[in-house]
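What follows is calculated from the coordinates using simple rules that are stated; it is not laboratory data. Computed from a predicted structure; not experimentally measured. Cβ atoms come from the backbone with ideal geometry, glycine included; neighbour counts cover every protein chain shown.
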There are 2 protein chains.
Amino acid sequence: MSAPKKQNMLIAQSGGPSMVINQSLVGAVIEAKKQAQIGKIFGSLHGIKGILEEDLIDLRKESASSLEAVAATPSSGLGTVRQKPTAEDCTRIFEILRDHNVGYFFYIGGNDSCETVHIINQEAIKAKHPIHCFHIPKTIDNDLRSNDHTPGFGSAGRFVAQALQGVNLDNRALPGVHISVIMGRHAGFLTAAAALGRVYEDDGPHLIYLPERPFSMPRFIKDVKAVYKKYGRCLIAVSEGIADSRGQAIAAKFSKEVDSHGNVQLSGTGALGDLLANEIKARTTISRVRSDTFGYLQRSFMGCVSPVDAKEARAVGSVAVKTACQGVKSGSIAIKRKPGKAYKVNFVRVPLKAVARDAREMPAKYINKAGNDVTQSFIDYAAPIVGKLPKPGRLKGVKVKR
Amino acid sequence: MSAPKKQNMLIAQSGGPSMVINQSLVGAVIEAKKQAQIGKIFGSLHGIKGILEEDLIDLRKESASSLEAVAATPSSGLGTVRQKPTAEDCTRIFEILRDHNVGYFFYIGGNDSCETVHIINQEAIKAKHPIHCFHIPKTIDNDLRSNDHTPGFGSAGRFVAQALQGVNLDNRALPGVHISVIMGRHAGFLTAAAALGRVYEDDGPHLIYLPERPFSMPRFIKDVKAVYKKYGRCLIAVSEGIADSRGQAIAAKFSKEVDSHGNVQLSGTGALGDLLANEIKARTTISRVRSDTFGYLQRSFMGCVSPVDAKEARAVGSVAVKTACQGVKSGSIAIKRKPGKAYKVNFVRVPLKAVARDAREMPAKYINKAGNDVTQSFIDYAAPIVGKLPKPGRLKGVKVKR
């Protein structure tokens, strides 16, 4: 058997950025440099948009120190896009790839991005255009099928946990009700990470609402009242995607709202938090009710990375290139956890269709019976991914006799 | 002259929490332990509320390691309150202080908290109740008079700068308009800190709007269009307190809004950001417009402290106790910057009335002529307080020939 012929490689990033998506990019590039069968290393700017517009950069021209600096920087260094390729797009993509002698295609992203790779791979087979098509996993939502967890979740979860630690301390100093609205339309993993920073018995979040369980306003108000009675305060973490039992998003109730210009307001950055805060004010005697919507901070904050997440994100990039160079034609690199007490993972090639399109939700065992908190099983699962969190100090507080 | 007689000390925290307010508490307690004339060290829970309700703890019962852990933890460890004492309250306060033989009173907070100390001090003089009354400065708004800057600002500014670095990277990867709404009703310092993380020529925030300059919607839209034309994206940092030329808060325009229950909505967490985003969508052809309101995260996030800020916060606590023990009857400890290139500060006792009640705004030299950005003079001023920021990496991006 002769050595495989030298071909060029193209890599791109797609979907929402994460704090460690560039680790995967750099992991792939560094591995590619070691592989004799890989010639040029192209980066496409803004995902497949860059291929379609032939907007490519030469990643061999990047210095090792520049690559390391980019790896440590949040958000897609190559730019990103949300675009599903049509059959026509694929034809154009193959033309460009052929022009640049690209035999290896790597795409970093979530389930939609994997769907893109899957489409390109199937069209390539149909068109008899032989390229290696690989998906490299990324998503803060942690909702990729076939994976124990996903690169990007650990760092976003770390931000959410540290934010909740702070909000909890703030709320303890100046008691009231506080609502944190966290990303996650269908999967509650990131919202659930809010629980990871709890240290003391009375630490919040005291209530956690996830898209996996139908949200009931009367039950919510009852929960809040009970916690407030017990602690004199109440911290709530809620997924942006919570919906009622008929599947209608709670945030959508804001669609009836009209702003000062008479425009119907479909949604707003604080809409869900404001709605819940107003309901509490209207239905209880609690007056100090606040909400914060974490927004983009949770996926791109500079300086809050889980070391385990960074390491694994680099590994999936590297393993994807290695696997392709071993002759495997297509696939996604999944993270599997090894059984046992110590935290250890394997990186396994799975078929594209095992990750593409459909996402996964949180397993039932991670959600408590009442549907308003996570279980210890979730804490055990997520803690090693998010990494060791800072431990807030607290005064012993020996009371002085009156 | 005989040695001063031994008296007890009481310390409390007031107003909005900060990330380093416990450094000041611990600085004061550690210094007090060194002073022979100080007997017991009481902490009052939730500011003067704890005195009025005689809810005190014994701070000599806290271990050195517990104190250090608390110092490194954001948000008021003793709890906080927003309460201005009446003459009646003062009478009650003096009773409690007399019962507990308190001769030294320290109160950590902003201008309103200093006003509280000022009132107590004046009432104490009237009542011939001799106590040492000291204010220890704290505020993320950086708006205390007589100070070069204020403990708490450096760390909150650091959070804001790192958040903007991340949002800028996110926005560069997926271009559009992004608005960050930052705390500050009357002083723009914290919003201005958004500029500190800029590294590359095209880095945002590209536009910064502060409460110190009247906000004009037509000029705002013109600014956004110009930046968007130049960079294909636009990052905006805006103070929650921006107002029009008649002083009407822009956020107040939302007071006409009615929610789905027919309630008039006075304000919401995302109200100002949503309003500005909607104006941009309505008056330009830009479709991708997002906003984030930083909320409590900027004052209590766990794990984002400026080392200089922490050090200075500890020092003002310690200097306050030292000054009182030297026989000075009252005052606030102000931070003054020494002239010269290298960053150095002095801690100086100033009269309570020089800090109490009225706050300060940003000096004109820190705001550009157009009123939509900060000047280099502000960067030079604020950079050492916020501390060295992470430097985002960027690909050189050598284009591939088509």
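Of note:
- Largest-first ellipsoid semi-axes for the protein assembly as shown, taking √(5λ) over the Cα gyration tensor eigenvalues, angstrom: 50, 27, 26
- Cα pair count fraction exceeding 15 Å, expressed as % - region B:31-78: 54
- Counting only aspartates and glutamates at least 8 places from B:LYS126 when in the same chain, those with an alpha carbon closer than 15 Å to its own are B:GLU88, B:ASP89, B:GLU95.
- Along its three principal directions, the equivalent ellipsoid of region B:189-237 from the Cα gyration tensor extends over semi-axes of 18, 17, 5 Å, largest first.
- Here is what passes the span test in chain B: the DSSP H helices with alpha carbon length of 24 Å or more along the helix axis and a Kyte-Doolittle mean of -1.0 or above are B:153-173, B:307-325.
- Overall dimensions of region A:272-321 by Cα: Rg and Dmax, Å: 19.5, 59
- Inter-label distance, A:ASP58 to A:ASP380: 5.4 nm, where each label sits 7 Å from its Cα along the C-beta direction.
- Radius of gyration and Dmax over the Cα atoms of chain B, both given in Å: 23.3, 90
- Gyration tensor over the Cα atoms of region A:317-402: the corresponding equivalent ellipsoid has semi-axes (square roots of 5 times the eigenvalues, largest first) of 42, 18, 11 Å.
- What the Cβ-Cβ distance of B:SER66 and B:ARG98 gives, at R0 = 45 Å and to the nearest 0.05, is a FRET efficiency of 0.90.
- Of the GluC sites (Glu not before Pro) found in region A:1-65, the ones in coil according to DSSP and having at most 14 other Cβ atoms within 10 Å of their Cβ are A:GLU53.
- Taking trypsin sites (Lys or Arg not before Pro) across region A:67-156, the ones in a DSSP loop with at most 11 further Cβ atoms lying within 10 angstrom of their Cβ are A:LYS128.
- Of all DSSP bridge pairs formed entirely within chain B, close to 30 percent run antiparallel.
- Share antiparallel - DSSP beta bridges, region B:1-138, percent rounded to 5: 15
- Kirkwood-based shape ratio for region B:87-220, expressed as Rg/Rh from alpha carbons: 1.20
- Seen from every direction in turn and averaged, the convex hull around the alpha carbons of region B:1-82 projects onto 5.7 nm².
- Cross-link table A:LYS6/A:LYS338; A:LYS396/B:LYS322; A:LYS344/B:LYS388; B:LYS138/B:LYS281; A:LYS401/B:LYS34, entries beyond 28 Å C-alpha to C-alpha: A:LYS6/A:LYS338; A:LYS344/B:LYS388; B:LYS138/B:LYS281
- Bridges between two residues of the protein assembly as shown, per DSSP, are antiparallel at a rate of about 30%.
- Normalised by 2.2 N^0.38 Å, with N the number of residues, the alpha-carbon radius of gyration of region B:82-160 equals 1.27.
- Per residue, the average separation of C-alpha pairs within less than 8 Å and at least 6 apart gives region A:46-145 a relative contact order of 27 percent.
- For the protein assembly as shown, adding -39500 (n - 2.57) for each run of n ≥ 4 DSSP H residues and dividing by the number of residues yields -11000 deg cm²/dmol at 222 nm.
- Counting only the Cα atoms, region A:4-145 fills a convex hull of 100 Å³ per residue.
- Estimated FRET transfer efficiency when R0 is 60 angstrom, pair B:ARG337-A:ASP148 (beta carbons, to 0.05): 0.70
- Evaluating kT/(6 pi eta Rh) at 37 °C and 0.692 mPa s, with the Kirkwood radius of region B:144-303 over Cα pairs in the Stokes-Einstein relation, gives 202 µm² s⁻¹.
- Translational diffusion of region A:260-353, µm² s⁻¹ [Kirkwood Rh, Cα pairs; Stokes-Einstein; 20 °C; 1.002 mPa s]: 117
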